[in-house]
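Throughout, read-outs are computed from the coordinates displayed, never taken from laboratory work. None of the values given here were measured: they were computed from a predicted structure. Backbone-built Cβ (ideal geometry, glycine too); neighbour counts: all protein chains shown.
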Amino acid sequence: MHGPAASGWLLVALCAATGAYCLLRMRSSVEEQRRTAGGEALMGFGMAAMAVPAAAFTPPSWAWPVYAVLFGTAGLHALWAARAGTRHLHHSLGAGAMVYMAVVMTLSPGAGQGHTHGGSGIPLLTGVLLLYFTGYVLVTGVRLVPVAAVAGDPAPGAGEASGWGDRPELARACRLSMGIAMVAMLLTM
C-alpha cells in the first residue's frame, strides 16, 4: 500500500482526520448515526495506519493478519446491519476491500518490510474494487453539489436534528474522502 512518502503522509492525514471527525459524529443523538459513524471511524483510522509510508514505520509481519481479522469482523457486522438498510452494504464492501489489501500485504514478497509491488493483488478483483469505489466517489461528489432552493421550500435540514455532527453533507464529505483514499490505496495494488 506504500507509495511515495509525501503522498503517503497526505493519505494518512486525510484518513486520520476523517476518522477523528467520525469519532466526533458518534456524539449524535441519533443511534443509527452513532453506529454508522463508529464503523466509519474504524475504517478511517485503519486506512491511516495502512497508508503510513514504509520508510517511517515498518509494521511487524503479524499486523497484516490482524488487520484482515479486524476488518473481516467489521465487514460481517456491516453485512448483518445491512438487513435493516442497504447503506451498510457499502460499509461491508469497504471492509472487504481492506481485508483484501491486508491479505495481499501478508502474502506479497517483502510483506515484513511493509512494501507491495505493483501487480501483487488479483488484477480482476482489484479492477472491480477500483471501478466500484471510483463510481462511489463520483456519485457521492455529485450529491455534495449544492442544489438551488425553490422559493417556498423549507431550508435543507429544517425539522431534522440540527447538531453539527448530524449534518448529512458533512457525513457525505467524510465518506467521499474515505472513498478517495480507498481509490488511492487500490491504485497501489
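Structural remarks
- Shape class for the range 9-111, computed from the alpha carbon gyration tensor (a ≥ b ≥ c): oblate, with a/c not under 1.5 and a/b at or below b/c.
- The calculated FRET efficiency for the pair I122 and T73, based on their C-beta separation and a Förster distance of 22 Å, comes to about 0.50.
- Which of F45, F71 has the fewest Cβ neighbours within 10 Å, and the rest in rising order: F45, F71
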